[in-house]
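Worksheet for the structure shown next.
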Amino acid sequence: MSNSTPATRDLFAQYVVPTYGRFELQLARGMGTQVWDEAGKRYLDFGAGIAVTSIGHSHPRLAAAVSAQIGVLVHTSNLYFTRPQGLLAQRLVECVGAPGKIFFCNSGAEANEALYKLARKFGNEGTPPPPRHAAGELISSASNRTGILTMDGSFHGRTLAGISATGQDKVKKGFQPMVDGFRHVPFNDGPSLVSAVQDPGTVAILLEPIQGEVGIRPATPEFLRLARELCDEHRLLLLFDEVQCGLGRTGDWCGWKTLTGSDSLMPDAVSWAKGIGGGLPLGAVWISDKPVTLKTGATVPLCDLLGPGSHGTTFGGTPLMCAGALEVLQVIEDEGLMENARQLGPYARQAIEAIASPLISEVRSVGLMLAFELAPDFASKAHLPQDKIPSLFLVEALHTAGLLSVPSGASAVRWLPPLNVTRAEIDEATHILRSVLSQLAS
Ligand SMILES: Cc1ncc(COP(=O)(O)O)c(C=O)c1O
């Protein structure tokens with residue numbers, strides 16, 4: 001680096017809007033589950049860019065697919081048809097295993113925006129359910145239903161509608177008023193969901209089958225089934241946000257199938273991003289083809305409700321991103337990475353549990369989504385300086401020891417390694433965690 005170029009840290013201080021609380025690490029390159037900082041120090045990457053680099057860093061097949069496509073056709077806009085987008089759509093429909101169609105965008109927040117707009121259109125243009133009797137009263141549905149129920153603790157992205165949908169106050173602070181139409185219900189609380197859907201303006205239930213940002217909290221199969229039944233009964237859409245848990249991380253293309261153990265429960269639409277492109281910015285939504293009767297009397301498949309001119313984005317589904325994502329999904333299949341997630345997720349969980357540290361109170365996991373909860377008395381046991389947040393303190397101590405992991409709120413830490421992580425890498429990460437925890441507790 002020439003003397004006239006400021007250090008990376010100084011470039012950020014002067015030129016990058018400080019929306020992120022960043023760790024003091026300047027990462028320069030990666031390979032598989034390893035990354036190196038600018039000084040050449042090696043880290044095991046058990047964060048994978050927050051569940052993004054699903055086939056690890058610099059996978060030669062992803063590099064080759066993107067390099068080949070970049071020399072052929074990068075971008076055309078969605079004014080035209082391109083083959084990689086069509087092929088990726090076909091592949092994603094196959095991943096869900098039920099007929100439907102795909103909308104492409106650039107991120108998880110944007111994929112969820114498509115879900116909100118689908119629900120609005122369904123509520124405004126679809127026929128409401130017939131009046132029903134409840135508690136001795138005849139209740140008609142609102143003729144324009146716009147209410148979306150989401151869960152306490154959920155995270156759906158940082159757009160204005162995304163933070164409105166998100167069931168955590170901290171993301172809303174300073175940005176009021178929120179977008180109208182979102183109501184939050186306690187996660188995994190059946191009676192609260194039953195009572196919330198009684199509001200005649202309700203049109204959809206949106207949930208993450210496995211809440212990620214709050215530290216890997218899965219929905220119970222009963223809660224998912226109840227949500228499906230209520231949606232059928234009240235003519236609502238069941239929307240799953242699989243941005244973090246989808247496309248292989250749980251050991252299945254569909255996170256909810258890992259939880260329900262069967263193919264029988266199907267949502268009406270699903271959002272994805274993160275791991276879909278192995279690090280390439282891409283989001284997508286699957287929408288089922290179930291028939292919807294419109295107020296005009298016409299019947300259309302739900303996946304055709306967002307018709308021409310109703311929604312879009314310049315970069316959604318470019319040939320470059322789609323060629324890359326197609327290769328990522330093919331690598332996951334060819335290298336047996338969902339099987340790896342099914343085998344090594346429980347292996348990593350047992351390894352963390354076997355540390356038996358008094359600083360960890362609980363380990364939660366589904367496939368290769370893992371979180372460990374720090375003990376309520378972590379601060380005193382680990383002699384935490386007063387201004388330090390426990391999860392950040394531990395994550396920083398792990399950095400010093402050569403391991404990247406991801407904080408979840410103040411009191412949990414996530415491991416979201418690439419799906420091709422090895423047993424040896426899990427052993428190494430566990431060794432680092434064990435020695436850092438024992439140093440902190442001593
Ligand atoms: C479940 C879930 N939904 C949506 C998002 C937002 O995705 P993005 O950051 O790509 O907008 C995230 C990101 O963490 C997420 O975990």
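Quick notes on this structure:
- Using R0 = 35 Å, the C-beta based FRET efficiency linking Phe12 and Glu428 works out to 0.70.
- Derived value for segment 338-442: Kirkwood hydrodynamic radius 13.7 Å. Basis is the mean of 1/r over every pair of different alpha-carbon atoms.
- Between segment 89-111 and segment 185-200, the alpha-carbon center distance in angstrom: 28 Å
- Size of segment 247-394 as Cα extents on the principal axes (Å, biggest first): 65, 38, 34
- For segment 150-205, projected area of the alpha-carbon convex hull averaged over all directions, nm²: 3.8 nm²
- Pair-distance profile P(r), taking every C-alpha pair of segment 96-144, with 5 angstrom steps and integer %: 5, 16, 15, 16, 17, 11, 9, 7, 3, 1
- Placing Lys101, Lys257 in order of accessible area, with the largest value first and a 1.4 Å probe, yields Lys101, Lys257.
- Relative contact order of segment 320-442, pairs being alpha-carbon contacts under 8 Å that are 6 or more residues apart, as %: 26 percent
- Heavy-atom surface of segment 1-69, accessible at 1.4 Å and reported per residue (Å²): 61 Å²
- Backbone HN-Hα couplings from phi across segment 128-133 [Karplus 6.51/-1.76/1.60, Hz, Gly and Pro as x]: x, x, x, x, 9, 8
- If you model segment 240-330 as an ellipsoid using its alpha carbon gyration tensor, with each semi-axis the square root of five times an eigenvalue, the axes come out at 26, 20, 9 Å, biggest first.
- FRET efficiency for Leu25 and Asp169, using Cβ-Cβ distance with R0 set to 45 Å, rounded to 0.05: 0.95
- Once the Cα-Cα distance is subtracted from the 0.36 nm per residue extended length, the Ser442 to Asp152 segment shows a gain of 100.7 nm.
- Residues with amide H under 5 Å from that of Phe182, placed H, sequence gap 5 or more: Ile148
- Cα long-axis angle, helix 390-400 against the chain (0 to 90 degrees, to the nearest 10): 50 degrees
- Distant alpha-carbon pairs in segment 226-275 (separation over 16 angstrom), percent: 40 percent
- Under Karplus coefficients 6.51, -1.76 and 1.60, residue-wise ³J(HN,Hα) of segment 347-354 in Hz, glycine/proline x: 4, 5, 4, 5, 5, 5, 4, 5
- Alpha carbon centroid spacing (whole Å) that separates segment 325-372 from segment 244-299: 21 Å
- Max mean-square fluctuation residue, GNM over the chain, Cα-Cα springs under 10 Å, options Glu38, Glu242, Glu113: Glu38
- Normalising the average separation of contacting C-alpha pairs (under 8 angstrom, six or more residues apart) by the number of residues puts the relative contact order of the chain at 21 percent.
- Converting phi to 3J(HN,Hα) with the Karplus coefficients 6.51, -1.76 and 1.60 and the offset θ = phi - 60°, segment 96-104 yields 6, x, 8, x, x, 9, 10, 10, 9 Hz in sequence order, with x at every glycine or proline.
- Per residue accessible area of segment 222-368, 1.4 Å probe, in Å²: 35 Å²
- Restricting attention to the chain, close to 70% of DSSP beta bridges with both partner residues there are antiparallel.
- Simple label model, 7 Å out from Cα along Cβ direction - Ala356 to Thr314, nm: 5.9 nm
- Taking the inverse of the mean reciprocal distance over all distinct Cα pairs, the Kirkwood hydrodynamic radius of the chain comes to 23.0 Å.
- Close amide-amide hydrogen proximity is noted between Ser361 and Glu373, Leu374, Ala375, each under 5 Å apart and 5 or more residues distant or on a separate chain (H modeled in the peptide plane; Pro and chain starts excluded).
- A simple count of charges around Val292, restricted to other residues whose Cβ falls under 12 Å of its Cβ and scoring Lys, Arg +1 and Asp, Glu -1, yields 0.
- Note on Ile139 and Val74: their simple-model spin labels are 5.4 nm apart, each label 7 Å out from Cα toward Cβ.
- Take the Cα of Leu294, go 7 Å toward its beta carbon, and the backbone nitrogen atoms of segment 112-144 under 13 Å from that spot belong to 121-127.
The values are calculated or read from the model by the stated rules, or taken from the named source; none is laboratory data. Bear in mind the structure is a predicted one, so any value in this text is a computation, not a measurement. Please note: Cβ atoms are built from the backbone with ideal geometry, for glycine as well, and neighbour counts cover all protein chains shown. Surface areas here come from the heavy atoms of the whole protein model, side chains and all, with no ligands, DNA or RNA. Shrake-Rupley method; radii C 1.70, N 1.55, O 1.52, S 1.80 Å.
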